[in-house]
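The next block holds one structure in the form of structure tokens; read it before the comments.
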Amino acid sequence: VSKITIISGSQRQNSQSLKVARFFQHSIETQIAGTAVHVIDLAANPLPLWDEDFWQSAERWQTAWGPVAAELQASDGFVIVAPEWHGMVPPALKNFFVLASSRELGHKPGLLVAVSASRGGSYPIAELKLSSNKNNRLVYVPDHVIVRDVKNVLNDGAEPASEEDRLIRERIAYSVKLLGAYASALIAVRESGLIDYKTYPFGM
Ligand SMILES: Cc1cc2nc3c(=O)[nH]c(=O)nc-3n(C[C@H](O)[C@H](O)[C@H](O)COP(=O)(O)O)c2cc1C
């Protein structure tokens, strides 16, 4: 597995999602040997809202999306960090999924991570598992993570601050290891010669 890209899906500056993304970065770097990690923060580097020019490959889209697409194409797997905003995924992350296609994400594993300030977090998982990958063919792995009470967990310092913090750290370590296994296994699927985007550019 050469590269995993993490998308921090909050459009808020200095978001808790970015904190969680950085925690996953460290976890991947220490647990999946030889894997580079790239973090895309949708707050620091906002992508323009999709418009018709995107499909004409207009120059301003080459500038805005081209470098991001190149990073995604070079990745073998993804972590999608999705904060719960009014029971939904934030618009910046939905926009990301309008822009990203099977060229970037197709038949690569995606680990979903929901983030909640309180006891929420199941809605972003349900929303993204239901409706974000029909055309881009991202393969969501079963063991998603929900980070609840986010301000009080995964903070700086080597030691967990509480039992909850210890449990979520263990869960993350487990899910990251599995993501690594899926990332190397799915390379064989992409190299199988079976994928036919020409006949089937869109999912049903
Ligand atoms: C517009 C908005 C709506 C929110 N709605 C919810 C919600 O429905 N459920 C929830 O658990 N937290 C909600 N939160 C709190 C976020 O979970 C909290 O900000 C947390 O830090 C994750 O978001 P962040 O990555 O943007 O920091 C909301 C936050 C914002 C800014």
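The values are calculated or read from the model by the stated rules, or taken from the named source; none is laboratory data. Keep in mind that this is a model prediction, so the values were computed, not measured. Here the Cβ is made from the backbone with ideal geometry for all residues, glycine too, and neighbour counts use every protein chain on show. With ligands, DNA and RNA removed, areas are computed over all heavy atoms of the protein, side chains included. Shrake-Rupley method; radii C 1.70, N 1.55, O 1.52, S 1.80 Å.
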Excluding same-chain pairs closer than 8 in sequence, count the lysine pairs in the chain whose Cα atoms lie under 16 Å apart.
9
The answer for the net charge of residues other than residue 136 whose Cβ lies under 11 angstrom from its Cβ, with Lys and Arg +1 and Asp and Glu -1, is +3
As a test of the formula, what do you get for the chain when each DSSP H run with n ≥ 4 contributes -39,500 (n - 2.57) and the sum is divided by the residue count, at 222 nm and rounded to the nearest 500 deg cm²/dmol?
-13000 deg cm²/dmol
What is the gain in length, in nm to one decimal, between residue 197 and residue 88 on full extension, counting 0.36 nm per residue of separation less the C-alpha to C-alpha distance?
36.2 nm
How much length, in nm to one decimal, is gained on full extension between residue 26 and residue 158, taken as 0.36 nm per residue of separation minus their Cα-Cα distance?
46.4 nm
With a 1.4 Å probe and every protein chain kept in, tell me what percent of the accessible surface of the range 90-154 is carbon plus sulfur.
55 percent
Label-reachable residues, the range 117-151, where backbone N falls under 15 Å from a point 7 Å from residue 54's Cα toward its Cβ
132-137
So residue 2 and residue 204, fully extended at 0.36 nm per residue minus their Cα-Cα distance, gain in nm 69.6 nm
Sort out for me the Cα centre separation of the range 148-204 from the range 11-72, rounded to whole Å.
16 Å
Just from the alpha-carbon atoms, what are the Rg and Dmax of the range 101-185 in angstroms?
14.4, 42
